[in-house]
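For reference, the structure is listed below as structure tokens.
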Amino acid sequence: MDIAWFVVLSAFIFCIGAAGVLTRRSPLVVLLCLELMLNAGNLALIAFARMVGNQEGHVFALIVMVIAACEVVIGLGIIVAMYRRRLPIDVDSMSELRG
Amino acid sequence: MLFEQLLFFVAGGGAVAGALGVVLLRNPFFSVLALVAHLISLAVLFLLLSAAFLAAAQVVVYAGAVMVLYVFVVAYIGGADEDLRPRAGGVAAVLGPVFAVVLLVELTIAIVGSSLSALDTRGAEIGAGFGSPGEIGALLLNRFLIVFEAASFLLLIAAIGAVVLAAKRRGLDDPDDVISVAELARGDVGTQKEAIG
């Protein structure tokens, strides 16, 4: 398979994720869609690493995985805190930093 | 060669279907399951690109650990079905898909029209150990040691942050929830014994 196929697929997944982030209201699903976008970036990184024949892209993708894990942990912590304070689980009503 | 193409289209189709499932399914629990399917398909694609270590990490770390965290949180807050219809006056719900399609067209034009001639090849010649745990580990511990340490420190900070954010705080949320002197004198207020119940 040509590398271009993988890169176009990654662009496709990225756009699906972007649409989800913009349209969904539940912060949980917004986080899931962010994962989609990060993974699409990972796929492009690995495809380009294969294209150049250089493994540094793999290290980059691994670090992106670490960032994604951190983002998930903090995001889910915020959602649990919202639930504890009985705030609506809805991104549209979360417009202030102060709870 | 034919098998490789078949595998690409099966895994790519699975990845796109999983991604669409995440965005289109109403119940957050099913969204999480769709993301698991998406991540496993992506791991197959990583294998096709000879990134063996990353494919394994994707399945173990992502589809395994991170998704379990999601499932627990969905179970905790009780994932109710979400109304997917655009809210009255909601501009983002209408413009969001439009923006995504425009972005896709733009990205595809950029990829097809790019001057990277190697995009239309199967990639450079690689050795047998390309993407193996040994080679990635050697890179991480030699050239990218500081990056590696920074990543581990970041994970530590995130773990502490999650505990601080999600920890139960007594007496902060509810003004009626004040600890009286009599309760304090009982001796087990604010202890782990009380938290366990």
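Computed from the coordinates by the stated procedures, all read-outs in this text should not be read as laboratory data. The structure displayed is predicted, hence computed values, not measured ones. Glycine also receives a Cβ, built like all others from the backbone with ideal geometry; neighbour counts cover every protein chain displayed.
Name the shape class, rounded, prolate or oblate, that the alpha-carbon gyration tensor gives for the range B:1-124, where a ≥ b ≥ c are the square roots of its eigenvalues, rounded holds for a/c under 1.5, and otherwise prolate holds if a/b is larger than b/c and oblate otherwise.
Oblate.
For a quick check: with amide H placed at 1.01 Å from N, whose amide H comes under 5 Å from A:Gly53's, ignoring anything fewer than 5 positions away on the same chain?
Those lying under 5 Å, H to H, from A:Gly53 are B:Ala124.
So what is the calculated 222 nm ellipticity per residue for chain A, using -39500 (n - 2.57) for each DSSP H run with n of 4 or more, over all residues, to the nearest 500 deg cm²/dmol?
Per the formula, -27000 deg cm²/dmol.
Taking the number of other C-beta atoms within 10 Å as the exposure measure, put A:Ile89, B:Ile126, A:Ile46, A:Ile3 in order starting with the fewest.
The most exposed by this proxy come first: B:Ile126, A:Ile89, A:Ile3, A:Ile46.
Quick one: putting +1 on the C-beta of Lys and Arg, -1 on the C-beta of Asp and Glu, what dipole do you get for the protein assembly as shown around its Cα centre, in Debye to the nearest 20?
Result for the protein assembly as shown is approximately 300 debye, rounded to the nearest 20.
Loop only per DSSP, at most 14 neighbouring Cβ atoms within 10 Å: give me the trypsin sites (Lys or Arg not before Pro) in the range A:68-99, ordered by residue number.
Loop-located and lightly packed - A:Arg85, A:Arg86, A:Arg98.
Given +1 on the Cβ of Lys and Arg, -1 on the Cβ of Asp and Glu, and no further charges, what dipole in debye does chain A carry about its Cα centre, rounded to the nearest 20?
It comes to approximately 400 debye.
For the protein assembly as shown, what are Rg and Dmax over the alpha carbons, in angstrom?
Looking at the protein assembly as shown, its Cα Rg and Dmax stand at 22.2, 78 Å.
On a full-extension model of 0.36 nm per residue, what is the gain between B:Ala118 and B:Ala65, subtracting their alpha-carbon distance, rounded to one decimal in nm?
Here the segment from B:Ala118 to B:Ala65 would lengthen by 15.5 nm.
So for the range B:1-56, averaging the separation of alpha carbon pairs under 8 Å that are six or more residues apart and normalising by length, what relative contact order in percent results? Don't jump to the answer; show the numbers that get you there.
Numbers: 48 pairs, mean separation 19.2, N = 56.
Computed over the range B:1-56, the figure is 34 percent.
So for the pair B:Leu7, B:Ala80, with labels modelled 7 Å out along Cα→Cβ, what separation do we get in nm?
Reported label-point gap for B:Leu7 and B:Ala80 is 4.6 nm.
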